[in-house]
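Okay, structure first, notes after.
The values are calculated or read from the model by the stated rules, or taken from the named source; none is laboratory data. Being a predicted model, the structure only gives us computed values, none of them experimental. Please note: Cβ atoms are built from the backbone with ideal geometry, for glycine as well, and neighbour counts cover all protein chains shown. All accessible areas refer to the heavy atoms of the entire protein, side chains included, with ligands and DNA or RNA removed. Shrake-Rupley method; radii C 1.70, N 1.55, O 1.52, S 1.80 Å.
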Amino acid sequence: ATAHAQMMTVERAVEIGRERSSLAVGGKAGVVDAQAGLYGAYSGVLPRFSANLSRSGQWTDNRTGSEQFGGVTLPSLTFDAEDYSTNPGLNGSWAVLDLSAMSNFSAARNNLRAARQRDDAAQNDLSFQVRTQFYEVVRGVQLAQVNSEAVRLARDDARRVRALFEVGSVSKSDLLAAQVRTSQSELDSLTARHAITTTRNDLAILIGMDEAEMGQIDTALVFARQEYDEAQILAEAERNRPDILAAESDVTAAGAAVNAARFQYLPYVTVSGRAAFSPKSNSAITINDSTTVSRNETDQILRGTVALNWDFFDGLATEAQRAQAKARQMRAKDNRDALRRNLAADVRESLLLYQEATEALRLAERA
């Protein structure tokens, strides 16, 4: 590690992981994807507007021929024409009553809520993983210190046994056994130092930074025993666990998607309009060297339409969408029910592991 790097504490490791790790980035990307889906659903319930400005021209040069009018054949004519027009306009449309689009909007909004809750759940999982890996590094550092002391003790014991062997107080097998213990202690010490590097690399990968940037690991351990009420923790988990809340939002979103597919069989009402402001046109027609020029200009043209639409058959595309939405709803309900069923077991198991850890610590302190 670099000599001047800031000491890495567990809280700082968690903070860095929430900013840089792949898990954190994936959760944020899921929220952005859900926001994109919500923006797409807005397009089905909000009006649309567009503006256009067009300039067009048409030229006809030296057109000749004869025409019949009222049974009389007119003589051959030479025809030239020029026509120019300028049309600025504003268009708008709005599906004022489309139940399918409204249900799609509700589904997208619940999808966004679920994505945010899944991001919170991912952040909690990441925090737990970072803390676990951080204390694996601390464990490695502590074990390396123990093994270093064991090497020193084994070497002192080997020197003592050699001195006794030289005066004939112990056999050579005792001397060889002491040398073996020394070699084993040195190997254990080397393995422990390598384990520190391995666990540091794993922690660096998890939080998304280079191992050399982490600096020295804070190995100070502060622990205060606490008593927990299982019923209270279970009730709090049912209310606040992000994965369960996300599962509930997924079920709601899936139900809205099913309704959206079902409502596509119903008619829907659309309103559209167009406004043209100061359209202009100029034309010049020349027939047998006689030219007629016309100019037209209008202040504004307003057009509006109210339509009742019914897509009563679309080649079973709606039925396919409805089946997909129903399958998604089934999976979402099963996932939610499984999380609810396993919640009590998760809480009870976590409390048992905590009690085992505190008892192990108490026994180690007594030892």
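Hey, could you check the range 212-248 for residues that are in contact with a Lys or Arg (Cβ under 9 Å, 6 or more places away or on another chain), open to solvent by less than 40 Å² (accessible area, probe 1.4 Å) and not in a helix (DSSP H, G or I) and say which is modelled with the highest pLDDT? So, considering only residues that are in contact with a Lys or Arg (Cβ under 9 Å, 6 or more places away or on another chain), open to solvent by less than 40 Å² (accessible area, probe 1.4 Å) and not in a helix (DSSP H, G or I), the one modelled with the highest pLDDT is Ile217. Taking the listed residues Ala41, Ala5, the one that is in a helix (DSSP H, G or I) and either surrounded by 13 or more Cβ atoms within 10 Å (Cβ to Cβ) or at pLDDT below 90 (or both) is Ala41, with no other qualifying.
One line per residue, one yes/no per condition, for (1) aliphatic (A, V, I, L, M); (2) exposed (fewer than 11 other Cβ atoms within 10 Å of the Cβ):
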site: Tyr268; (1), (2): no, no
site: Thr286; (1), (2): no, no
site: Asp299; (1), (2): no, yes
site: Leu353; (1), (2): yes, yes
site: Thr358; (1), (2): no, no
site: Glu365; (1), (2): no, yes
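Asp188 fulfils the conditions (1) over 26 Å from the mean Cα position of the chain (by Cα); (2) open to solvent by 40 Å² or more (accessible area, probe 1.4 Å); (3) free of Cβ contacts under 8 Å to residues at least 24 places away in the same chain except for a single criterion, (3).
So for the range 61-77 (the condition being open to solvent by less than 80 Å² (accessible area, probe 1.4 Å), touching a Lys or Arg at 6+ places or on another chain (Cβ under 9 Å) and either among the basic types (Lys, Arg) or modelled with pLDDT under 90 (or both)), does at least one residue qualify? Yes: one or more hits. With respect to the conditions (1) open to solvent by less than 60 Å² (accessible area, probe 1.4 Å); (2) in a helix (DSSP H, G or I), Met209 lacks only one, and its number is (2).
Results for (1) open to solvent by 80 Å² or more (accessible area, probe 1.4 Å); (2) in a helix (DSSP H, G or I); (3) of a type in the set (Ser, Thr, Tyr), shown as yes or no for each residue.
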position: Trp94; (1), (2), (3): yes, no, no
position: Arg116; (1), (2), (3): yes, yes, no
position: Asp119; (1), (2), (3): no, yes, no
position: Gln133; (1), (2), (3): no, yes, no
position: Ala144; (1), (2), (3): no, yes, no
position: Ser148; (1), (2), (3): no, yes, yes
position: Ala158; (1), (2), (3): no, yes, no
